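Everything below concerns the one structure shown next.
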Amino acid sequence: MEKRMAQQDNIFSIRLVKKDGKLIHQTTAEFGLYKDFVNNMEEGQVVETFFEANKDDGTNAQLAKIHVCIRKLAVEMGYSFEEMKFTIKREAGLVYDMQEGRQVVKSLADCSKEELGAVIQAIDQAGEIVNISFG
């Protein structure tokens, strides 16, 4: 049985594309996720949105989602935020072992969209351990 995240902690991100002057869902699957998100809300519940047009590097929306998810994982797994963030970065390949036993840890702010995608994948995998779906 999957543990459902309380609706106030529900995190949903989606990409829209502008066509014919309107923002629309890129796929029917994404639209289905959107409908599920809305259907699971309580009447009168407020949703905050943040829009950002994509650029070549990581987006602020990705960074915001990452930080919220890491904070939730830290609470659920009994780690501090910084411990959980380091663990996620290590799993995503952003921790590099250097000569003389030093480690270099890449800042999330300096990551490409692809690197942040790997971070989100590591978050999803960690969420599975504690039965949290970050969808």
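Things worth noting here:
- Residues VAL38, VAL68, sorted so that the one with the fewest Cβ neighbours within 10 Å comes first: VAL38, VAL68
- Subset of LYS35/LYS85; LYS22/LYS65; LYS22/LYS106; LYS19/LYS85; LYS18/LYS65 violating a 27 Å alpha-carbon distance limit: LYS35/LYS85; LYS22/LYS106; LYS19/LYS85
- Taking ARG102, ARG71 and counting other C-beta atoms within 10 Å, the order from fewest to most: ARG102, ARG71
- Among LYS18, LYS65, sorting on how many other beta-carbon atoms sit within 10 Å of each Cβ, with the fewest leading, yields LYS18, LYS65.
- Among GLY78, GLN26, GLN62 the positive-end extreme of the charge dipole of segment 7-129 (Cβ point charges): GLN26
- With all pairs of different C-alpha atoms in the average, the Kirkwood value for the hydrodynamic radius of segment 7-129 is 16.4 Å.
Quick note: the coordinates plus some simple rules give every number you see, no bench work behind them. Predicted model, so just to flag it, every value in this text is computed and none were measured. Using ideal geometry, Cβ is built from the backbone for each residue, glycine included, and neighbour counts are taken over all protein chains shown.
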